[in-house]
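So the structure is just underneath, and the comments pick up after that.
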């Protein structure tokens, strides 16, 4: 890959982030996915850079945040970058992205004559080095853009670590709600007891109905409908609690349940992120 501006954010196991800002007229970068680290490799391996480059290593800005839980790292950041930028988020060994979430920043409502035509401002890839057990998320940014990003990365064993060298993520919804949960037949009222106990909602009929519609639309590959229903579930749950921490508590409780309950937990975790 060839670019002029690249930012590598290396997340360490202790949650600290090292930032490498690379600039040049033109330089080549690659993600080494078929070899292990050698003595001459840099701290940001499996990334390798080639060309006459300037590297500025710095601490992250105040907008970059990490939160640690057992076997889990939550990474949050806000970006404002010019078109042509490549952003690489490098996770610690054996960590892989589990839930991914983007947030658009509002446009300043001036200078928009007629309809506004929008197009995706970039592309996202998830790269794996199975030998080193290192994973990175890549943003290839085409347009000037300001956006927010959140991700939960989880630890997996060497045996569970993906062997895929390159995943082009054209549907982040499928990544965020792993297909391993799509063998759930339906969500029952019993599966919602934890929600009722925490939010003290006597009537869960609408949540029950919407979760099953969401499950069916994900199975059917109806992407836009799935995203709409996910937003609806979020609204229903957030209306039932005054603090997001209540949703996090529910999500944690569902992680030890059956497949249907784990699916609900994933939904709630996504909403509360």
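Here are a few things to note about the model shown:
- Which numbered condition residue 85 fails, given (1) modelled with pLDDT of 90 or more; (2) within 15 Å of the chain's Cα centre (by Cα): (2)
- Taken residue by residue, region 168-183 has no member that is farther than 16 Å from residue 99 by Cα, at pLDDT 80 or above and over 19 Å from the mean Cα position of the chain (by Cα).
- Given (1) under 30 Å from residue 272 (Cα atoms); (2) touching a residue at least 40 places away in the same chain (Cβ under 8 Å), number of the condition residue 36 does not satisfy: (1)
- Within this structure, residue 30 passes the test of being within 24 Å of residue 83 (Cβ to Cβ) and surrounded by fewer than 18 Cβ atoms within 10 Å (Cβ to Cβ).
- Residue 206 at pLDDT 80 or above and surrounded by fewer than 16 Cβ atoms within 10 Å (Cβ to Cβ): yes
- Residue match in region 45-62 (condition: more than 30 Å from residue 157 (Cα to Cα), surrounded by fewer than 17 Cβ atoms within 10 Å (Cβ to Cβ) and under 21 Å from the mean Cα position of the chain (by Cα)): yes
- Pairs, first on the phi > 0 side of the Ramachandran plot in region 49-78, second loosely packed, with under 11 Cβ neighbours inside 10 Å, C-beta under 8 Å, six or more apart: 51/26
- The numbered conditions (1) surrounded by 11 or more Cβ atoms within 10 Å (Cβ to Cβ); (2) more than 18 Å from the chain's Cα centre (by Cα) are all true for residue 93 except (2).
- Qualifying residue in region 209-232 (condition: touching a residue at least 60 places away in the same chain (Cβ under 8 Å), surrounded by 15 or more Cβ atoms within 10 Å (Cβ to Cβ) and touching a helix residue (DSSP H, G or I) at 6+ places or on another chain (Cβ under 9 Å)): no
- Residue among 106, 113, 92, 120 that is part of a loop (DSSP other than H, G, I, E, B) and at pLDDT 95 or above: 92
The values are calculated or read from the model by the stated rules, or taken from the named source; none is laboratory data. Model, not experiment: these values are computed from the prediction. FYI the Cβ positions are ideal-geometry reconstructions off the backbone, even for glycines, and counts take in every protein chain you see.
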